[in-house]
Amino acid sequence: MTKIITTRANSKITTIGLDLAKNSFSLHAFDEAGNTVLTKDLKRGQVLSFFEKLEPCRVGLEACASSHYWARELIKLGHDVKLIPAQRVKAFLPRMKNDAQDAKAIARALRDPEMRFVSVKSVEQQSALMLFKARDLLVGQRTALINAIRGHFGEIGIVVPKGAHEVKVLVELALQDDQQMRLPQLMRHALKALVTSLSHLEHEIKVLNGAIARQHKASEQSQNLATVPGIGALTATVLVATVNDPKQFAGGREFAAWIGLVPRQHSTGGKASLGKISKMGNRDLRRLLVVGAHAALYRIKSGKTQSPLADWARNLLAKKPFKLVAVALANKMARIAWAIMAKEDCYNPAHAAPAN
């Protein structure tokens with residue numbers, strides 16, 4: 001369905017909001033004065049042909065799984081494409097929600113002078129992130145299998161200590177054809193199936209780890225990031241693939257806030273009230289930094305690491321709980337990582353710890 005609204009003579013489309021979907025796309029166009037010029041529904045195969053005939057203009061897309069692909073294709077046609085975070089589009093949505101209203105809200109958000117945009121990722125960056133996502137999925141499946149094997153052996157009174165490496169004992173028992181075990185044939189079949197799946201997952205995870213390691217070695221920026229305490233090859237690769245342009249952030253503090261590693265604020269009447277971390281932004285990146293901070297903090301606590309940053313962490317450990325200090329250290333790591341990416345520099349452990 002196409003609806004053309006004439007608001008003034010010779011109205012020219014300057015801003016378009018495009019609501020993405022699998023097959024049915026909605027479009028809402030404004031002129032320079034902010035008047036609606038065109039509303040249109042497009043099928044997937046019609047999108048590129050429509051924009052190919054259109055004069056270059058500003059196009060807004062809600063950031064989602066397929067938005068980077070469409071952004072790259074529209075940029076090739078000469079359009080200025082901006083990706084808008086979904087939560088920021090929500091503020092411009094009227095009370096009633098449908099595809100047409102979503103497109104209109106995107107177009108309105110695009111005209112906001114203070115709007116923050118998501119950088120368009122290249123295919124190479126998306127590929128690097130897919131490596132991490134695939135590995136993360138398989139690691140979760142491996143954990144589920146390990147828990148299942150533990151639980152089934154626990155039902156017959158066989159228990160091993162905690163730790164993924166301890167499950168090797170159970171794997172060997174499941175593969176043994178020992179009559180003294182007195183395992184029923186059906187139980188042996190069930191356990192062997194789980195153990196075989198676990199072995200296959202271990203192999204696939206190892207393959208992905210190798211691909212991530214090669215990606216890390218091919219990137220100088222990733223290698224520089226890996227010199228920061230708590231940041232390894234995996235976190236460094238994800239950082240490089242996630243952050244297109246670090247200079248879009250005003251500083252390391254703003255970058256840490258984008259990841260969600262700053263206190264949630266609920267202040268009023270001149271009284272500052274800070275709570276737990278906001279947990280906004282990239283969940284995977286935040287998790288990697290926090291886990292890495294825990295590992296770094298164990299080394300710092302044992303006295304194996306000597307640097308101004310380590311001294312700062314030890315002083316904080318004397319006053320605060322371990323997990324709280326780990327999150328604070330993750331915040332520092334994020335800010336150091338931003339400085340390395342923005343300034344194209346290396347980490348210098350002799351520098352003083354960044355101020356709070």
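The values are calculated or read from the model by the stated rules, or taken from the named source; none is laboratory data. Worth saying up front: this structure is predicted, and the values here are computed from it rather than measured. Ideal geometry is used to build each Cβ from the backbone, glycine not excepted, and the neighbour counts take in all protein chains shown.
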- Task: State whether the residues of region 139-151 include one that is in a helix (DSSP H, G or I), in contact with a Gly (Cβ under 7 Å, 6 or more places away or on another chain), of a type in the set (A, V, I, L, M) and surrounded by 11 or more Cβ atoms within 10 Å (Cβ to Cβ).
- Result: no
- So which of 228, 195 is in contact (Cβ under 8 Å) with a residue 24 or more places away in the chain, not acidic (Asp, Glu) and not in a loop (DSSP other than H, G, I, E, B)? 195
- Note on the structure: The strands (runs of 3 or more DSSP E) lying entirely within region 1-113 that contain at least 2 residues which are closer than 30 Å to residue 282 by Cα are 15-19, 24-30, 58-62, 80-84
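Could you tell me how many of the residues in region 206-225 are within 30 Å of residue 335 (Cα to Cα), out of contact with any Phe, Trp or Tyr (no Cβ under 9 Å at 6 or more places or on another chain) and part of a helix (DSSP H, G or I)?
Counting residues in region 206-225 that are within 30 Å of residue 335 (Cα to Cα), out of contact with any Phe, Trp or Tyr (no Cβ under 9 Å at 6 or more places or on another chain) and part of a helix (DSSP H, G or I) gives 12.
Within region 263-281, is even one residue assigned to a helix (DSSP H, G or I) and not charged (D, E, K, R)?
No, region 263-281 contains no residue that is assigned to a helix (DSSP H, G or I) and not charged (D, E, K, R).
Based on this model, can you work out whether residue 210 counts as modelled with pLDDT of 95 or more and surrounded by fewer than 16 Cβ atoms within 10 Å (Cβ to Cβ)?
yes
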- Item | Tabulated pairs, region 342-356, first surrounded by 10 or more Cβ atoms within 10 Å (Cβ to Cβ), second among the aromatic types (Phe, Trp, Tyr) and modelled with pLDDT of 80 or more, C-beta under 7 angstrom, 6+ apart or interchain | 353/312
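Can you tell me which residue within region 12-50, out of those that are in contact with a Cys (Cβ under 9 Å, 6 or more places away or on another chain) and over 13 Å from residue 110 (Cβ atoms), is surrounded by the fewest Cβ atoms within 10 Å (Cβ to Cβ)?
Checking each candidate, the answer is 12.
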